[in-house]
Amino acid sequence: MLNRVVQYKTLLRQIAYVPAYKPPDQEDFHKLREYLQRHDRLLILTGAGISTESGIPDYRSEEVGLYARSNHKPIQYQDFVRYPKVRQRYWARNFVGWPRFSSVQPNATHYSIRELEKAGKVTAVVTQNVDRLHHKAGSENIIELHGTGYIVKCMKCPYEIDRFKLQEILLINNPGMESSFNMIRPDGDVDLSKEQVDRFQTPLCPKCESPLKPDIVFFGDNVPKERVEQVRHQVSVSDAVFVLGSSLTVYSSYRIILQAKEENKKIAVLNIGPTRADDIVDLKISTKCGEILTDLCNSINKTI
């Protein structure tokens, strides 16, 4: 009985964060099927829209995204660097949100991408997400464009630590830290009271006592140059780009589309709602990724 309750609550969270959409029709299916059959070296670019189906909200979706649900703004890199209180608030909330965030499981879209990889159709998966759901689904050649919440690094020395191991340390240093919360954010953050935040012991590097930061590219920070070059190379060796669940609003993802366009790659977008690149891509299907990808993959695998 308890397992059924947990499953039901999980299902409600998954439904709650997926924006309203038009179910795919046969024309959508045939267009995407033809596109996927025509290209054998796909670069797949994924955004927060594919993780909403696992119960992690995105930022911008109408009515159900983080911006629509609250006044919360994602943490800015310069604020994290400059202000100890900002780091304390971030780590306190991240600490409480981590058990649920790290337990989220892949959905049909992540597994469909893995099936396309197995079929030899994918050169690389470039993801804007920090949730490692592609890893959990078994994907292999993954480039985490904005980093990951699963690794934590010192801001001054080479020290780094696995996020699960850091959680054990934080538990020891912050006994009795509790919170009830309804929604995790795309980076694992949750809401806490001021009193809870003020009591929290912020983690420091055990080597040099400098601040620790998750290996995430925060808003206002830059994607590391070597990662940018790695993505540029993968675009060049691909023959097409397939965008899943991204509005392409941030430039780090949009420039991938600009490069692909410049190199005459065919670009398809599967996303609920408009994207920044709708006027320059070759194919745009506006529907829920998981609603169409499973059947598409099954259909394509039968012809290979």
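We did not get these values from a lab; they are worked out from the coordinates using the rules stated. In this text, all values refer to a predicted model and were calculated from it rather than measured experimentally. Here the Cβ positions follow ideal geometry from the backbone for every residue, glycine too, while neighbour counts run over all protein chains shown.
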**Request:** At most 16 other Cβ atoms within 10 Å and a DSSP loop assignment: could you name the GluC sites (Glu not before Pro) in segment 74-178 that fit?
**Result:** E140, E178
**Asked** Using the per-residue mean of other Cβ atoms lying within 10 Å as a proxy for protection, in what order, highest first, do the peptides 264-276, 202-214 fall?
**Response** 264-276, 202-214
**Long-range amide H partners of V122 with built H, under 5 Å** = L42
**Fill in**
In nanometres, the difference between 0.36 nm per residue of separation and the alpha-carbon distance of Q259 and V81 is 60.9 nm
**Complete:** Rounded to the nearest 5, the percent of DSSP beta bridges in segment 23-303 running antiparallel is 25
**Prompt:** Where nothing but the Cβ of Lys and Arg (+1) and of Asp and Glu (-1) is charged, how large is the charge dipole of segment 23-303 around its Cα centre, in debye to the nearest 20?
**Reply:** 660
**Item:** Residue-by-residue Karplus 3J(HN,Hα) for segment 270-280, coefficients 6.51, -1.76, 1.60, Hz, glycine and proline x
**Value:** 10, 7, 6, x, x, 10, 5, 10, 4, 7, 10
**Karplus 3J(HN,Hα) series, Hz, for segment 231-245 with 6.51 cos²θ - 1.76 cosθ + 1.60 (x for Gly, Pro)** = 5, 4, 5, 5, 5, 5, 8, 8, 10, 6, 10, 10, 9, 10, x
**Complete:** Most exposed to least, judged by fewest other Cβ atoms within 10 Å, L171, L36 sort to L171, L36
**Message:** Charges on Cβ only, +1 for Lys and Arg, -1 for Asp and Glu, centred on the Cα centroid of segment 23-303; of C208, G149, I292, which one is farthest towards the dipole's positive end?
**Reply:** C208
**Message:** Test of understanding: what is the full-extension gain from D162 to I143, defined as 0.36 nm times their sequence separation minus their Cα-Cα distance?
**Reply:** 5.0 nm
